[in-house]
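K.L.:
My questions all concern the structure below.
The values are calculated or read from the model by the stated rules, or taken from the named source; none is laboratory data. Computed from a predicted model, the values in this text were never measured in an experiment. As a convention, Cβ positions derive from the backbone with ideal geometry for all residues, glycine included, and neighbour counts pool all protein chains shown.
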Amino acid sequence: MTSRTYMLLFSVLCCVAGQNVWAQSLDLEDIAQAVAEYESLFEDTDLASDPALEVELRRLMPLLPESILSTVVESDSIKTTLSARSSILGWWRSQDPLPASEVNERMVEHVRRVQYALDHYGCTSCEEGYDERGEIYVRYGEPERISRVTFDDPLLIDAIYQPGIAVSPADFPDNEFWRYLNLDRDAYFLFIQDGGFYRIGDTSDLLPSVLRSGLGYSGRGLVKSRMLLAAMRSIYRQLALEHHHFGSRFNDVDLWLAAREETGRLRGRDNVENSKIITGAALVQGETPEQLDLDQELRQPPILFAQNTILSARTQDQQAAYQREILLPSSTSEVLNALPTFALGVRHARFLKPDGTTTTEIYWHPESTSFTVPGHPAQEEYIIKSFVAQEDAAHTRLNTMTDAIRVEMPSASEAVTIPVQTIEVNGSTGLYHLALQWDQHEVTPAGIGNRLQLASRRIDSLRALDASGATLEMSDLIPLAHNIDTDELVPWPHEWIYKGMRFGLGFEIYHLAYGQGDQTSYKVTYQVSSGRRRISSTSVEFEGQSRLETEEVYLDLGQRAGEIIVTVSVQDQISGHEISRSLTLTLFDDQG
């Protein structure tokens, strides 16, 4: 990609972000053009061996799921085949957070991050053009906090800069500690400057090599061990303020050293004295360090305590890195964080149609205070626009649907009472995906006004139901709630229910086998569980004359608040085939 394209995307995005309206910007045409240029890098068949394309793919590799990465990398080599590039474009389409807009805001955000990484964390010897700080920035955006471990506090100076041991400030590496506690409580990265650029390291990398080598039981070796522990204490003291992982390490080292330090050595010392100590430490040689006694408290000599502390720290750092690899997503986006959003309950269910295709019903309903817009005066009514895009297995759009409803707002003491809305997506076969967006607009005398809030969802990796008739098939479960006005069960799209609420399930069964007299016979088992604890289980046997059956049933979910898993299993008594579906709900004590 040319620098012009990056700068165009970067400047356009900055303009849009400044207006805080993203896809509603007056520069929408420029954004669309810039994104099209980026996409063309992967679409142009003449670029199969272009080095610029390989660089872009390397920048994307840490973000890609394994299923996509396997199409791009083969035997540690980057593939720029048409198939690999098509997979990348499909993945990008799956990342679009606002499917109703004309641009892929996540793609724009990525290019902005890459440009920022190139500008601030550039690395001429790195294949991606930036060092490992740049990689983390491209994946997760700006850190919540950046700090540095420094080596100028008086306690460390007093212990480290000793006559006879050549240590200088230059022996301690520059470093940065990035924290992303907004992602996970264990999301942090320690970067060490190495050869002019930064790499991810561990706490032992902060220790000068001159202190880590030459440890022993000689007088000089024992002094170096104690100096090493003093450096670790300073490091862990600072890192403990940034993350709880380092608190116990600091306590262990500080306890060992505190028992051996003379009180008052630092009293009255000023920065000039510290500077003299640092300057002279590497110049005064040949003195014999004081012989230290064996540790009487921990029954370890300093060298063993220092070595064991380093070994333990490395193990803990490796475990923390492994946990980050497991817990953190490959990348995150801040696009929706910059936009006002409202809460919706959304569920879906697939049904088999007579023509062999699958219809997906999407049920949605606002939470009780969803349409309250912070900082905006309440209105008597709003327009809610809905948008659905149906995508094939490669995330290429097959068709789109739009709709709009008018919502009249009740008094401040009442909740929004609009009926549950249903969207039908028809004609699905094979693997498919759905992208959804809702926009809340104000109503003006001239018509529909500005967008105030939005919500978006993706329903990925749906598979059409089996229409062959060779085996038992079943729709997804529809959560149902009793409507007191109509005395009927209606879809319930929320993730929660409350005690006292009459709750039920609906589903369809397909391809039941005929037995004697063209009769069907099947058993349905309803199981309610919480974790590993089964709350209830009920089985009911049925007979019928149709290969398709529709069921609706009320369920008792118990009285214990918490997460509830409802599983429905169907067994065809004629063919012996079985199938089951599950859904998860959270049971609350009351509606509030």
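K.L.:
If you go through the range 576-585 one residue at a time, do you hit one that is free of Cβ contacts under 8 Å to residues at least 12 places away in the same chain, more than 29 Å from the chain's Cα centre (by Cα) and surrounded by fewer than 16 Cβ atoms within 10 Å (Cβ to Cβ)?
P.N.:
Yes, the range 576-585 has at least one match.
K.L.:
Among the candidates Thr429, Thr486, Thr444, single out the residue that is within 30 Å of Ser101 (Cα to Cα), without any contact (Cβ under 8 Å) to a residue 12 or more places away in the chain and loosely packed, with under 15 Cβ neighbours inside 10 Å.
P.N.:
Thr444
K.L.:
How many residues, within the range 468-494, are out of contact with any strand residue (DSSP E or B) (no Cβ under 6 Å at 6 or more places or on another chain) and over 18 Å from Val553 (Cα atoms)?
P.N.:
Residues flagged as out of contact with any strand residue (DSSP E or B) (no Cβ under 6 Å at 6 or more places or on another chain) and over 18 Å from Val553 (Cα atoms) within the range 468-494 amount to 5.
K.L.:
Okay, moving on. Considering the range 125-139 alone, what residues qualify as being among the hydrophobic types (A, V, I, L, M, F, W, C) and farther than 12 Å from Arg199 by Cβ?
P.N.:
Val138 - this is the single residue of the range 125-139 that is among the hydrophobic types (A, V, I, L, M, F, W, C) and farther than 12 Å from Arg199 by Cβ.
K.L.:
Can you tell me which residues in the range 58-68 are under 20 Å from Cys126 (Cα atoms) and outside any loop (DSSP other than H, G, I, E, B)?
P.N.:
Selection gives Arg58, Arg59, Leu60, Met61, Pro62, Leu63.
K.L.:
Return the total of residues in the range 193-206 being outside any helix (DSSP H, G or I), out of contact with any Cys (no Cβ under 6 Å at 6 or more places or on another chain) and surrounded by fewer than 20 Cβ atoms within 10 Å (Cβ to Cβ).
P.N.:
8
K.L.:
Report yes if some residue within the range 213-230 is at pLDDT 90 or above and over 19 Å from Ala306 (Cα atoms); otherwise report no.
P.N.:
Looking for residues that are at pLDDT 90 or above and over 19 Å from Ala306 (Cα atoms), one finds none in the range 213-230, hence no.
K.L.:
Something else: Say whether the condition of being at pLDDT 95 or above, under 30 Å from the mean Cα position of the chain (by Cα) and among the aromatic types (Phe, Trp, Tyr) is met by at least one residue in the range 484-493.
P.N.:
Yes; the residues of the range 484-493 include at least one that is at pLDDT 95 or above, under 30 Å from the mean Cα position of the chain (by Cα) and among the aromatic types (Phe, Trp, Tyr).
K.L.:
Restricting the search to the range 554-586, which residues are at pLDDT below 95, small (Gly, Ala, Ser) and in a strand (DSSP E or B)?
P.N.:
Gly562
K.L.:
Checking the conditions here, which among His433, His511 is assigned by TED's automatic domain parsing to the domain that holds Tyr554 and either at pLDDT 90 or above or of a type in the set (Gly, Ala, Ser) (or both)?
P.N.:
His511 is the lone residue from the list that is assigned by TED's automatic domain parsing to the domain that holds Tyr554 and either at pLDDT 90 or above or of a type in the set (Gly, Ala, Ser) (or both).
K.L.:
Any chance you could count how many residues in the range 109-149 are in contact with a strand residue (DSSP E or B) (Cβ under 9 Å, 6 or more places away or on another chain) and in a loop (DSSP other than H, G, I, E, B)?
P.N.:
Within the range 109-149, residues that are in contact with a strand residue (DSSP E or B) (Cβ under 9 Å, 6 or more places away or on another chain) and in a loop (DSSP other than H, G, I, E, B) number 11.
K.L.:
Go through the range 212-228 and report how many residues are crowded, with 23+ Cβ neighbours inside 10 Å and closer than 19 Å to Asn175 by Cα.
P.N.:
Qualifying residue count for the region: 1.
Every residue, every condition in (1) over 24 Å from Arg260 (Cβ atoms); (2) touching a Cys at 6+ places or on another chain (Cβ under 8 Å); (3) surrounded by fewer than 20 Cβ atoms within 10 Å (Cβ to Cβ); (4) modelled with pLDDT of 85 or more, yes or no:
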{"residue": "Glu135", "(1), (2), (3), (4)": "yes, no, no, yes"}
{"residue": "Glu142", "(1), (2), (3), (4)": "yes, no, yes, yes"}
{"residue": "Ser147", "(1), (2), (3), (4)": "yes, no, yes, yes"}
{"residue": "Ala159", "(1), (2), (3), (4)": "no, no, no, no"}
{"residue": "Ile165", "(1), (2), (3), (4)": "no, no, no, no"}
{"residue": "Ser168", "(1), (2), (3), (4)": "yes, no, yes, no"}
{"residue": "Pro173", "(1), (2), (3), (4)": "yes, no, yes, yes"}
{"residue": "Glu176", "(1), (2), (3), (4)": "yes, no, yes, yes"}
{"residue": "Arg179", "(1), (2), (3), (4)": "yes, no, yes, yes"}
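K.L.:
With (1) at pLDDT 95 or above; (2) touching a Ser or Thr at 6+ places or on another chain (Cβ under 6 Å); (3) surrounded by 13 or more Cβ atoms within 10 Å (Cβ to Cβ); (4) closer than 19 Å to Ser456 by Cβ as the list, and Thr358 as the residue in question, which single condition is left unmet?
P.N.:
Here Thr358 clears every test but (4).
K.L.:
For the range 491-502, which residues satisfy the criterion of being among the hydrophobic types (A, V, I, L, M, F, W, C), in a strand (DSSP E or B) and surrounded by 18 or more Cβ atoms within 10 Å (Cβ to Cβ)?
P.N.:
The one that is among the hydrophobic types (A, V, I, L, M, F, W, C), in a strand (DSSP E or B) and surrounded by 18 or more Cβ atoms within 10 Å (Cβ to Cβ): Ile497.
To keep it simple, each residue is scored yes or no on (1) farther than 28 Å from Leu327 by Cα; (2) in contact with a helix residue (DSSP H, G or I) (Cβ under 7 Å, 6 or more places away or on another chain); (3) of a type in the set (Phe, Trp, Tyr).
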position: Val138; (1), (2), (3): no, yes, no
position: Pro143; (1), (2), (3): no, no, no
position: Phe151; (1), (2), (3): yes, yes, yes
position: Pro154; (1), (2), (3): yes, yes, no
position: Ile165; (1), (2), (3): yes, yes, no
position: Pro169; (1), (2), (3): yes, yes, no
position: Pro173; (1), (2), (3): yes, yes, no
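K.L.:
Tell me, yes or no, whether the range 120-130 has at least one residue that is more than 17 Å from Gln238 (Cβ to Cβ), of a type outside the set (Phe, Trp, Tyr) and crowded, with 18+ Cβ neighbours inside 10 Å.
P.N.:
Yes - at least one qualifying residue is present in the range 120-130.
K.L.:
Hey, can you tell me all the residues within the range 75-100 that are crowded, with 17+ Cβ neighbours inside 10 Å, small (Gly, Ala, Ser) and in a loop (DSSP other than H, G, I, E, B)?
P.N.:
Residue satisfying the conditions is Ala100 alone.
K.L.:
Filter the range 323-358 for residues that are aliphatic (A, V, I, L, M), closer than 27 Å to Thr584 by Cα and either part of a loop (DSSP other than H, G, I, E, B) or in contact with a strand residue (DSSP E or B) (Cβ under 8 Å, 6 or more places away or on another chain) (or both) and give the result.
P.N.:
Residues satisfying the conditions are Leu328, Leu336, Ala343, Leu344, Val346, Ala349, Leu352.
K.L.:
Would the range 352-361 turn up any residue that is small (Gly, Ala, Ser), outside the structural domain of Glu105 (by TED's automatic domain parsing) and either under 30 Å from Arg451 (Cβ atoms) or under 26 Å from the mean Cα position of the chain (by Cα) (or both)?
P.N.:
No.
K.L.:
Could you list all residues from the range 76-106 that are under 25 Å from Phe387 (Cα atoms) and among the basic types (Lys, Arg)?
P.N.:
Arg93, Arg106
K.L.:
Specify which of the listed residues (Tyr121, Tyr180) is aromatic (Phe, Trp, Tyr) and not assigned by TED's automatic domain parsing to the domain that holds Tyr236.
P.N.:
Among Tyr121, Tyr180, only Tyr121 is aromatic (Phe, Trp, Tyr) and not assigned by TED's automatic domain parsing to the domain that holds Tyr236.
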